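Trainee: There's a structure below that I have some questions on.
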Amino acid sequence: MTVRTKYWLCQCAGWGAYCVIGVATTLQYTGPTVSMFVGYGLFFIYSIGMTDWFRQQIRNRRWMELPARRRIPRLVSGALLIGAVQAALVLAVDYGFRRQMTWPASDRLWLWFSTTNASLVWTFLYVQLTAGRRRQEREVRLDLALRDAELRALEAQINPHFLFNCLNSIRALVAVDPPRAQDMLTSLANVLRHSLRPDREQTVPLAIEVESVEDYLALEAVRFEQRLNVRVAIDPEAARCPVPPMLLQTLVENAIKHGIAQVTERGDLVIRAACENGMVRIEVENTGRLRDSEDSGGKVGLANARERLRLLYGDRASLNLRNERDRVRATVLIPAMPS
């Protein structure tokens, strides 16, 4: 039985049971009437329709991914709205049969209270019964985003130009500076090992990401020679905090490709990380200008990074790029959770 089939069976069973109880209760006071059976039949249909519409809003607007302080008011407001509409439709159907309002004010209030409670119960059950599926969907999306980030990092590091530049530089250094050539080979091996690692952890300590980025920059330093000036300032507390893998690598590669590589003079690349107010602030700053015409590779890489942040932290994390005079600064804010 598919998930969708189970959903519709639960819808029919839940609202069907509510209507059966309502019919049984009403029969005790008024006896069988056409308006009663028609009213509950219509109630069964439009209640299923409204709650299904509410379910679509919850999914399309991603309310379940919001923090509780924003999620709960939306869910409760939606349930209250559905309860009010249900009560209004019950009264409208009854008025259509009788051509007069026969419900006392106290009964109308009780009707709204009953339909609202039913909608609140429906919302609670929907949230609880779908929690496991949402968790699985989130893990699948996060895993796909991570794989995509790793694939793009691997493509960037194994593309012919990158390998050609690295191997050509190593070849040139073998005769004149063998120790540096050995260091380059070690850095290249470390970069590839990091991209090809078998584990698929959702987060890793920032210190590990910094080590991989330093190996990558060691290779690029040979390519750019004196044009690349790198400064790294990582607070020890921030270094212990977990971050999404390949996040810092994506920001640094973006800075190199769209910033340093586009200027002819000396370019600065600054990497900073520190903890402040319960958050880890990661900044990657480079010489250059943020361009609206940035190619699709950079946009996709940053979009992937933002999606992984959203999946892991919801709206508690952010990634922003902005121009600051002759520099571009990428700023990431992540909740600080020491590993």
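Trainee: Count, please, the residues in the stretch 177-206 that happen to be over 21 Å from Ile256 (Cβ atoms) and either among the acidic types (Asp, Glu) or at pLDDT 80 or above (or both).
Mentor: 10
Trainee: Being closer than 30 Å to Asn323 by Cβ and either of a type in the set (Ser, Thr, Tyr) or under 31 Å from the mean Cα position of the chain (by Cα) (or both) is the requirement here; does Pro205 meet it?
Mentor: On the way: closer than 30 Å to Asn323 by Cβ: no; either of a type in the set (Ser, Thr, Tyr) or under 31 Å from the mean Cα position of the chain (by Cα) (or both): yes.
Criteria not met by Pro205.
Trainee: Here is a further query. Can you work out which of the residues in the stretch 211-241 that are surrounded by fewer than 18 Cβ atoms within 10 Å (Cβ to Cβ) and β-branched (Val, Ile, Thr) is farthest from Glu265 (Cα to Cα)?
Mentor: Ile234
Trainee: Something else about it: Checking Asp94 against (1) charged (D, E, K, R); (2) under 16 Å from Thr30 (Cβ atoms); (3) touching an Asp or Glu at 6+ places or on another chain (Cβ under 9 Å), only one condition comes out false. Which one?
Mentor: (3)
Trainee: Among Val232, Val263, Val280, which is the only one that is modelled with pLDDT of 90 or more, in the same structural domain as Arg193 (by TED's automatic domain parsing), of a type in the set (A, V, I, L, M) and over 25 Å from Glu307 (Cβ atoms)?
Mentor: Working: Val263 fails: modelled with pLDDT of 90 or more; Val280 fails: over 25 Å from Glu307 (Cβ atoms).
Exactly one of Val232, Val263, Val280 is modelled with pLDDT of 90 or more, in the same structural domain as Arg193 (by TED's automatic domain parsing), of a type in the set (A, V, I, L, M) and over 25 Å from Glu307 (Cβ atoms), namely Val232.
Trainee: Counting only residues that are within 15 Å of Val284 (Cα to Cα) and small (Gly, Ala, Ser), which one in the stretch 213-238 is farthest from the chain's Cα centre (by Cα)? Reasoning before the result, please.
Mentor: Going through the stretch 213-238, the residues within 15 Å of Val284 (Cα to Cα) turn out to be 213-214, 216-217, 228-235, 238.
Subset that is small (Gly, Ala, Ser): 233, 238.
On the way: Ala233: 28, Ala238: 22 Å.
Step by step, filter the stretch 213-238, then rank; the result is Ala233.
Trainee: Anything in the stretch 302-339 that is of a type in the set (A, V, I, L, M), farther than 21 Å from Cys275 by Cβ and in a helix (DSSP H, G or I)? List them, or say none. Step through it out loud before you land on a result.
Mentor: First pass over the stretch 302-339, keeping only residues of a type in the set (A, V, I, L, M): 302-303, 305, 309, 311-312, 317, 319, 321, 328, 330, 332-334, 336-337.
From what is left, the residues that are farther than 21 Å from Cys275 by Cβ are 302-303, 311, 321, 328.
The answer is Leu302, Ala303, Leu311.
Trainee: Please work out which one of (1) buried (at least 18 other Cβ atoms within 10 Å of the Cβ); (2) within 16 Å of Thr287 (Cβ to Cβ); (3) touching a Lys or Arg at 6+ places or on another chain (Cβ under 7 Å) is the condition Pro244 fails and give its number.
Mentor: Result: Pro244 fails condition (2) only.
Trainee: Oh, and also: Evaluate the stretch 287-296: report whether one residue or more is of a type outside the set (D, E, K, R), at pLDDT below 90 and out of contact with any strand residue (DSSP E or B) (no Cβ under 9 Å at 6 or more places or on another chain). Before the answer, list the steps.
Mentor: If we filter the stretch 287-296 for residues that are of a type outside the set (D, E, K, R), which is where we start, we get 287-288, 290, 293, 296.
Next, from what is left, pick out any that are at pLDDT below 90: 287-288, 290, 293, 296.
Pick out the ones that are also out of contact with any strand residue (DSSP E or B) (no Cβ under 9 Å at 6 or more places or on another chain) and you get 293, 296.
Yes; the residues of the stretch 287-296 include at least one that is of a type outside the set (D, E, K, R), at pLDDT below 90 and out of contact with any strand residue (DSSP E or B) (no Cβ under 9 Å at 6 or more places or on another chain).
Trainee: Can you find a residue in the stretch 149-166 that is closer than 30 Å to Ile334 by Cα and at pLDDT 75 or above? Break it down stepwise before answering.
Mentor: Initial filter on the stretch 149-166 (closer than 30 Å to Ile334 by Cα): 149-158.
Then drop every residue that is not at pLDDT 75 or above, which leaves none.
Checking the stretch 149-166: not a single residue is closer than 30 Å to Ile334 by Cα and at pLDDT 75 or above.
The values are calculated or read from the model by the stated rules, or taken from the named source; none is laboratory data. Given the structure is predicted, the values throughout are model-derived calculations rather than measurements. A quick note on method: Cβ atoms are made from the backbone with ideal geometry, for glycine too, and the neighbour counts reach across all protein chains shown.
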